[in-house]
1. Within segment B:16-63, count every residue that is more than 12 Å from chain A (Cβ to nearest Cβ) and more than 18 Å from B:LEU95 (Cα to Cα).
2. If A:VAL24 satisfies all but one of (1) farther than 30 Å from B:THR59 by Cβ; (2) surrounded by fewer than 20 Cβ atoms within 10 Å (Cβ to Cβ), what's the number of the condition it fails?
3. Please verify whether segment A:73-92 includes one or more residues that are within 13 Å of chain B (Cβ to nearest Cβ) and of a type in the set (Phe, Trp, Tyr).
4. Looking at the structure I just gave you, is B:LEU42 at pLDDT 90 or above and in a helix (DSSP H, G or I)?
5. Enumerate the strands (runs of 3 or more DSSP E) found wholly within segment B:45-115, keeping only those where 3 or more residues are free of Cβ contacts under 8 Å to residues at least 40 places away in the same chain, out of contact with any His (no Cβ under 9 Å at 6 or more places or on another chain) and farther than 21 Å from A:ALA16 by Cβ.
6. For residues that are buried (at least 24 other Cβ atoms within 10 Å of the Cβ) and without any contact (Cβ under 8 Å) to a residue 12 or more places away in the chain, tally how many sit in segment B:34-44.
Protein chains: 2
Amino acid sequence: MLGQDESGCCPTLPAAPLDEEQAVELAKVFKALGDPVRLRLLSMIASREGGEICVCDLTPAFDLSQPTISHHLKLLRQAGLIDCERRGTWVYYWLLPGTIDKLAGVLTRTGQPAASEGSP
Amino acid sequence: MLGQDESGCCPTLPAAPLDEEQAVELAKVFKALGDPVRLRLLSMIASREGGEICVCDLTPAFDLSQPTISHHLKLLRQAGLIDCERRGTWVYYWLLPGTIDKLAGVLTRTGQPAASEGSP
């Protein structure tokens, strides 16, 4: 049960040291989040009512070229945070909640609700 | 209240798009976590009974030089995830729970407990 949450499914960072394999896997996802453009893209996708968003609604929010935006979206997809589907002219993106829930769990301290009001 | 959690203190990624300033700040911390060595160091510090750990107990877990470990610890410190104090020969490290709680909150979807068993 080293570094596992109560359900035994996922490592939790503060419960016990991560092993090397767990750390390599998790670091890939955190690295994908370690860029402001990708964080904003992910938040736009995650907060979209209806659950999906057209790339044509993402691009205008940034002063960046379409290929640059597509590159950032590809990195989020490779990290397992989002998926997409082409329909006609446009590509549509949606959140894969499993990955983001896993990361939130990894960072949640035992006995601490995430974003607890009492945290320092 | 754009992108804020219920207490209004912190952005939550899936509640609303992050603004540029929030994204820049958060990306710095996620970037610090985007490395397997730093993730393992942080989990060793976070899971330490008594709340702090000597650098002399961190280094032997890695096949890396003391300066390399110190560099990774410095990046975690600059991200606000840990702090340290020198006492005699050794430096002691401890977790700053506010930063990790904030990140967990950012990643927690509205109405979803972190690491929910029912997530896909």
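1. Going through segment B:16-63 one residue at a time, the tally reaches 1.
2. Against the list (1) farther than 30 Å from B:THR59 by Cβ; (2) surrounded by fewer than 20 Cβ atoms within 10 Å (Cβ to Cβ), A:VAL24 comes up short only on (1).
3. No, every residue in segment A:73-92 fails to be within 13 Å of chain B (Cβ to nearest Cβ) and of a type in the set (Phe, Trp, Tyr).
4. In short, yes.
5. On the way: elements: B:52-54, B:82-87, B:90-95.
Because the criterion is at least 3 residues that are free of Cβ contacts under 8 Å to residues at least 40 places away in the same chain, out of contact with any His (no Cβ under 9 Å at 6 or more places or on another chain) and farther than 21 Å from A:ALA16 by Cβ, the strands (runs of 3 or more DSSP E) in segment B:45-115 that meet it are B:82-87.
6. Residues flagged as buried (at least 24 other Cβ atoms within 10 Å of the Cβ) and without any contact (Cβ under 8 Å) to a residue 12 or more places away in the chain within segment B:34-44 amount to 2.
The values are calculated or read from the model by the stated rules, or taken from the named source; none is laboratory data. Quantities reported herein were computed from a predicted structural model and do not represent experimental measurements. As a convention, Cβ positions derive from the backbone with ideal geometry for all residues, glycine included, and neighbour counts pool all protein chains shown.
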